[in-house]
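*Asks:* Take a look at this one; I'll ask things after.
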Amino acid sequence: MADTNFDVVILGGGPGGYVAAIRAAQLKLNTAVVERENLGGICLNWGCIPTKALLRSAEVYHLMKHGDAYGLSAKEVSFDFQKVVDRSRKVSGQLTAGVKHLMKKNKITVFDGTGKLNGAGKVKVEKDGKPVADLSAKHIILATGARARALPGLEPDGKLIWTYREALMPNMMPKSLLVVGSGAIGIEFASFFRTLGAEVTVVEVLPRVLPVEDAEISAFAHKAFEKQGMKIKTGATVKALKKGNNNVTATIEAGGKTEELTVDRVIMAVGIVGNVEGIGIEGTKVKVEKTHVVIDEFGRTGEPGVYAIGDLAGPPWLAHKAMHEGVLVVEKIAGVKGVHPMDVKNIPGCTYCMPQVASVGLTEEAAKAAGREIKVGKFPFIGNGKAIALGEPEGLIKTVFDAKTGELLGAHMVGAEVTELIQGYTIAKTLETTEAELMATVFPHPTLSEMMHESVLAAYGRTLHF
């Protein structure tokens, strides 16, 4: 094995790793990526992208079934479940191939194997226990991501009890399904399978679904999910899972009462843990807390020359956060002037269920808890011409402002296409825009984005269309 010298070596080719590599190459740094599975990581292969492809199929199916509302007729509407899954995998494969092309285009060396720290400035790469290469680099970026959390006694088996991986490539369409956890991953799968006709029950240990979202948005989404036929149990815990030949019986405890529920399959979506094992951080100054690597505002760990980004470095566990961190860390390494630490309050979050949910910044509760005097504006979809024309009149946009300064503290949405709308508020927050600039901004008509304007106006008693 010949030693190979690089300026930067990145362990992991997911969104954080491959974007960091591209930016490093742009800055003329000799760069290598070590990836043990597929370029694109969980996001492109087992997360963000394939789930969106599945959800798009479900959305089209839903529209076909409800064509009469639009003056259309479609008889004997059905779906081929395997084709739905196959399309999802093809979309994923296309994008993974795209990342490979970007690596080649930017002259980034990719090593197929598992990388681990092997002393100061050293990385050992192995594949199936056999040596691949010994790499040297002044800067090493850990971007090994995370995996699904397993609860004791409720461990997934890949057959009857699924993680997101099995849920993305199911060998059958379950007639009944239990989803444990109502964060973004759990609710997206619940929405997909429910739209295709499965009887879906969601169990959430916290008092409400989508618990990181604003309480009012969460309550709105809860009602919408139940209207679709989902059964939702909040403040509930799955105490046991008993596997049968082709089903699972769950023991669920809520409010001091216990019940049993038998379903075809269970999806465990109770969070993630960082992939900190087997990467050689033992004996280094890299510190781990709650399965995640501790970093400073520029991604630096306690070990000189070693950085961490993305899911490995903790919440929020979002691909776009990892990408931004990758760029930030590399630019700091390269000595780019004016690099700013990332403000997590300016990172938007999106959940692609039906209806969609999106947010950025502080919730109303968090703003009050921080001692802020606030003004809150709300505008419903029913007051928007484009929403009614689309046949999507159910939704809400909510904005939270500092009453003294006019600073936009947070924005929260539920309804059609809000995952596309949220970026407008994200830009506003990043530019430190106040209510005055937002109210003076001209929004195009007819669009859903007009509701963003109306919500701001509503916070100051000036709403026009409701």
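The values are calculated or read from the model by the stated rules, or taken from the named source; none is laboratory data. Small disclaimer: the values here were computed from a predicted structure and weren't measured. Reconstructed Cβ throughout: ideal geometry from the backbone, glycine too, with neighbour counts over all protein chains shown. Note: accessible area is taken over every heavy atom of the protein model, side chains too, but ligands, DNA and RNA are not part of it. Shrake-Rupley method; radii C 1.70, N 1.55, O 1.52, S 1.80 Å.
*Asks:* Helix-only mean residue ellipticity at 222 nm, the chain, DSSP H runs n ≥ 4 weighted -39,500 (n - 2.57), per residue, nearest 500. What is it?
*Replies:* Dividing the helical sum by the residues of the chain leaves -9500 deg cm²/dmol.
*Asks:* Which entries in the list 285/332; 116/321; 107/130; 28/337; 83/321; 368/404 go over 22 Å, if you measure between the two C-alpha atoms of each?
*Replies:* On the way: 285/332 20 Å; 116/321 24 Å; 107/130 26 Å; 28/337 16 Å; 83/321 32 Å; 368/404 14 Å.
Table pairs above 22 Å Cα-Cα are 116/321; 107/130; 83/321.
*Asks:* Once Rh for segment 1-152 is found with the Kirkwood sum over Cα pairs, what is the Stokes-Einstein diffusion coefficient at 20 °C and 1.002 mPa s, in µm²/s?
*Replies:* Numbers: Rh = 17.7 Å.
Using the Kirkwood radius from Cα pairs, D works out to 121 µm²/s.
*Asks:* Membrane-span-like helices in the chain: DSSP H runs reaching 30 Å or more (Cα, own axis), mean Kyte hydropathy at least 1.0? Mind dumping the intermediate values first?
*Replies:* Details: long enough: 81-105 (36 Å, -0.58).
Qualifying helices, which must be both long enough and hydrophobic enough, do not occur.
*Asks:* Please work out the Cα center distance from segment 80-146 to segment 359-418, rounded to the nearest Å.
*Replies:* Taking the Cα centre of segment 359-418 as reference, the centre of segment 80-146 is 39 Å away.
*Asks:* Before I look further, what does segment 334-377 give for accessible area per residue, probe 1.4 Å, in whole square angstrom? Kindly include the intermediate steps, with their values, before the conclusion.
*Replies:* Numbers: 2190 Å² over 44 residues.
Accessible surface, normalised per residue, equals 50 Å².
*Asks:* Percent of accessible area on the chain owned by carbon and sulfur, 1.4 Å probe?
*Replies:* Working: 11760 of 21930 Å².
C and S atoms contribute 54 percent here.
*Asks:* Remind me, relative contact order of the chain in percent, using alpha carbon pairs under 8 angstrom and six or more residues apart?
*Replies:* Numbers: 990 pairs, mean separation 65.3, N = 466.
RCO, the chain: 14 percent.
*Asks:* Would you mind getting the accessible area per residue of segment 1-148, heavy atoms of the protein chains only, 1.4 Å probe, in Å²? Before the final figure, lay out the partial values.
*Replies:* Values: 7620 Å² over 148 residues.
Per residue, segment 1-148 has 52 Å² of solvent-accessible surface.
*Asks:* Check cross-link reach from residue 287 to the aspartates and glutamates: straight Cα distance under 12 Å, and skip same-chain residues fewer than eight apart.
*Replies:* Leaving aside aspartates and glutamates fewer than 8 places away in the same chain, those within reach of residue 287 are 296, 303.
*Asks:* Which cross-chain or sequence-distant (5 or more) residues have an amide H under 5 Å from the amide H of residue 133, H modelled 1.01 Å from N in plane?
*Replies:* Long-range HN contacts for residue 133: 125.
*Asks:* Just the number, please: Stokes-Einstein D of segment 400-439 in µm²/s, Kirkwood Rh from C-alpha pairs, 4 °C, 1.567 mPa s. Provide the component values of the computation, followed by the final result.
*Replies:* Values: Rh = 10.6 Å.
Taking Rh from Cα pairs, D becomes 122 µm²/s.
*Asks:* Out of these labelled values of P(r) over Cα pairs in 10 Å bins from 0, in percent, (i) 4, 17, 22, 18, 12, 10, 8, 5, 3, 0; (ii) 4, 19, 30, 29, 14, 4, 0, 0; (iii) 4, 18, 26, 26, 19, 6, 1, 0, which was calculated from the coordinates shown here?
*Replies:* (iii)
*Asks:* Once you compute Rg and the Kirkwood Rh from C-alpha atoms, what is the Rg to Rh ratio for segment 55-134? Walk me through the numbers before you get to the answer.
*Replies:* Values: Rg = 22.8 Å, Rh = 17.2 Å.
Reported Rg/Rh, Kirkwood definition of Rh: 1.33.
*Asks:* Say each of residue 30 and residue 104 gets a label point 7 Å from the Cα, pointing the same way as Cα to Cβ; how far apart are those two points in nm?
*Replies:* 2.3 nm
*Asks:* Under a cut-off of 21 Å between alpha-carbon atoms, report the lysines in cross-link reach of residue 227, not counting same-chain residues fewer than 8 places apart.
*Replies:* Cα-Cα hits under 21 Å: 65, 175.
*Asks:* Sort all Cα-Cα distances of segment 406-466 into consecutive 5 angstrom bins from zero, then give the percent of pairs in each bin up to the one containing the longest distance.
*Replies:* Calculated P(r), rounded to whole percents: 4, 17, 32, 29, 17, 2.
*Asks:* For a quick check: with amide H placed at 1.01 Å from N, whose amide H comes under 5 Å from residue 176's, ignoring anything fewer than 5 positions away on the same chain?
*Replies:* Here 199, 264, 265 satisfy the definition.
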